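Down below is the structure, laid out as structure tokens.
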Amino acid sequence: MSRGRPQKVADQIQRELSELIRRDLQDPRLSLVTLTAVDAAPDLSHAIVYFTCLDRAQAEAAGKALQRAAGFLRSSLAKRIKMYTTPALRFKYDDSVARGAHLSQLIDSVRPKP
């Protein structure tokens with residue numbers, strides 16, 4: 001199996017999960033959560049879903065809420081995407097957005113002002 005299909009499936013999972021979280025989950029801890037990427041295994045047995053929060057302090061609570069809802073999200077995903085097996089979902093906080101903002105701030109602080 002080439003890397004093409006798992007990437008297409010991962011992109012579809014990200015779109016569907018974003019919609020499910022926004023529409024079907026009523027947990028206030030997930031109100032400011034954004035899914036940044038999905039990395040699916042080549043055999044599609046599991047997928048790591050990367051998320052970020054507007055407030056870094058809420059990341060741990062949001063991660064617990066997503067992990068708690070993983071079963072519901074997987075079963076809802078199975079109804080929306082027709083596949084032989086639906087990947088098991090694992091959620092991981094993506095700090096690349098915060099790291100990028102910090103690096104940009106560092107660069108701006110060193111750059112001479114005109």
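The values are calculated or read from the model by the stated rules, or taken from the named source; none is laboratory data. Here the structure is a predicted model, which means the values were calculated and not measured. Here the Cβ is made from the backbone with ideal geometry for all residues, glycine too, and neighbour counts use every protein chain on show. Remember, those area values only see protein heavy atoms, side chains included, never the ligands or the DNA or RNA. Shrake-Rupley method; radii C 1.70, N 1.55, O 1.52, S 1.80 Å.
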Taking the condition of being closer than 17 Å to LYS92 by Cβ and either open to solvent by less than 60 Å² (accessible area, probe 1.4 Å) or modelled with pLDDT of 95 or more (or both), how many residues in the stretch 7-49 meet it?
18
With the requirement that a residue be of a type in the set (Lys, Arg) and surrounded by 12 or more Cβ atoms within 10 Å (Cβ to Cβ), what does the stretch 69-98 give you?
ARG74, ARG80, ARG90, LYS92
If ALA101 satisfies every condition in (1) in a helix (DSSP H, G or I); (2) in contact (Cβ under 8 Å) with a residue 24 or more places away in the chain; (3) exposed (fewer than 12 other Cβ atoms within 10 Å of the Cβ) but one, which is the exception?
(2)
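Here's the yes/no breakdown for (1) within 22 Å of GLN7 (Cβ to Cβ); (2) aromatic (Phe, Trp, Tyr):
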| residue | (1), (2) |
| --- | --- |
| TYR50 | yes, yes |
| CYS53 | no, no |
| ALA65 | no, no |
| ALA70 | yes, no |
| SER75 | no, no |
| ARG80 | yes, no |
| TYR84 | yes, yes |
| PRO87 | yes, no |
| ARG90 | yes, no |
Helices (runs of 4 or more DSSP H) (entirely within the stretch 1-95) containing at least 2 residues that are free of Cβ contacts under 8 Å to residues at least 60 places away in the same chain and in contact with a Lys or Arg (Cβ under 6 Å, 6 or more places away or on another chain)
59-68
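Return yes or no: is THR52 among the hydroxyl-bearing types (Ser, Thr, Tyr) and open to solvent by 30 Å² or more (accessible area, probe 1.4 Å)?
no
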Scope the stretch 10-25; condition under 14 Å from the mean Cα position of the chain (by Cα) and either under 13 Å from MET83 (Cα atoms) or of a type in the set (Lys, Arg) (or both); matching residues:
ALA10, GLN12, ILE13, ARG15, ARG22
